[in-house]
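Enquirer: Here it is, the structure in full.
What follows is calculated from the coordinates using simple rules that are stated; it is not laboratory data. Model, not experiment: these values are computed from the prediction. Every residue, glycine among them, receives a Cβ derived from its backbone with ideal geometry; neighbour counts consider all protein chains shown.
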Amino acid sequence: MNESRPPILPAATRGELTDSRLQLLAGARHRVDIYQPCLDADSYQGEDELAELRRLATSGRGAQVRLLLHDPAAALRDGHRLIALSQRLPSAIQVRTPVEDTDLAYASSYLLTDQGGYLFQPEATRPGGRGSLCDRAAQAPLLQHFNEVWERSAPATVLQALHL
């Protein structure tokens, strides 16, 4: 019997990365996990990506977007649109910052969905990587890594809106 492999998402260029992220976000039902050491101008800034993240965050009970960022203050200073969205939906979009040196030295990024999808970039600042809309076996080590770092990380209190 010939087992079919899950289709691979293209990730060689910035455009392919954006398209692959959008496909993954659109396919997610209620939860995504994002490990992004630094939020740059190319990541999670587009109208379509933000609309999908907003849809996920407001999808009802169990809705959750978890974001691990090394320097949330820089993303806030840069006015990154995902940070603005997280401030409007703080109960559904949670941001944490790694505190251990080994976690802060991690240079890769990835997006994980509740449907078994993933997009992994070995170097977060450069195009290239691998992904699939549904490949739980390939996603599993990334999800385990995310959960471990999440538990060791601190809430990004710098992002909490001041209610004056």
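Enquirer: Just to verify a number: FRET efficiency for Arg77 and Arg29, C-beta to C-beta distance, R0 = 41 Å, to 0.05?
Expert: That pair, Arg77 with Arg29, gives E of 0.80.
Enquirer: Here are several values of Rg and Dmax of the Cα atoms in Å: [x] 15.2, 65; [y] 15.1, 43; [z] 17.5, 56. Which one was derived from the coordinates shown?
Expert: Recomputing Rg and Dmax of the Cα atoms in Å here picks out [x].
Enquirer: To the nearest 10 degrees, how steep is helix 47-57 against the longest Cα principal axis of the chain, on a 0 to 90 scale?
Expert: The answer is roughly 80 degrees.
Enquirer: Given the rule -39500 (n - 2.57) for each run of at least 4 DSSP H residues, summed and divided by the residues of the chain, what is its mean residue ellipticity at 222 nm, to the nearest 500 deg cm²/dmol?
Expert: -10500 deg cm²/dmol
Enquirer: Could I ask something else about it? Between beta-carbons, use under 11 Å as the cut-off and find the net charge around Asp19, counting Lys and Arg +1, Asp and Glu -1.
Expert: -1
Enquirer: Work out the FRET efficiency for Ala41 and Ala140 from their Cβ-Cβ distance, taking R0 = 45 Å, and round it to the nearest 0.05.
Expert: 0.90
Enquirer: Over segment 95-154, what per residue volume does the convex hull of the Cα atoms give, in whole Å³?
Expert: With only Cα atoms used, segment 95-154 gives 84 Å³ per residue.
Enquirer: Here's something else I'd like to know. Along the charge dipole of the chain, which of Gly60, Leu143, Gln121 sits closest to the positive end, that is, farthest toward it, with unit charges on the beta carbon of Lys, Arg, Asp and Glu (+1, +1, -1, -1)?
Expert: So the residue we want is Gly60.
Enquirer: Could you order the peptides 64-77, 97-110, 120-133 from most to least packed, using the average number of other C-beta atoms within 10 Å per residue?
Expert: In decreasing order of mean packing, 64-77, 97-110, 120-133 become 64-77, 120-133, 97-110.
Enquirer: Evaluate the charge dipole of segment 1-98 about its Cα centre and quote only its size in Debye, nearest 20, assuming +1 on the Cβ of each Lys and Arg and -1 on the Cβ of each Asp and Glu.
Expert: 500 debye
Enquirer: With unit charges on the beta carbon (Lys/Arg positive, Asp/Glu negative), name the residue among Ala92, Gln36, Leu133 whose Cα is farthest towards the positive pole of the charge dipole of segment 18-155.
Expert: Projecting each Cα onto the dipole axis, the largest value belongs to Ala92.
Enquirer: Find out how many positive minus negative residues lie around Gln45, taking Lys and Arg as positive, Asp and Glu as negative, among other residues whose Cβ is under 11 Å from that of Gln45.
Expert: Computed value for this residue: -4.
Enquirer: Output the 0 to 90 degree angle, nearest 10, between the alpha-carbon long axis of helix 14-27 and the longest principal axis computed from the alpha carbons of the chain.
Expert: Its long axis makes an angle of about 90 degrees.
Enquirer: Mind checking the dipole of the chain: about its Cα centre, +1 per Lys or Arg Cβ, -1 per Asp or Glu Cβ, Debye to the nearest 20?
Expert: Rounded to the nearest 20 debye, it is 480 debye.
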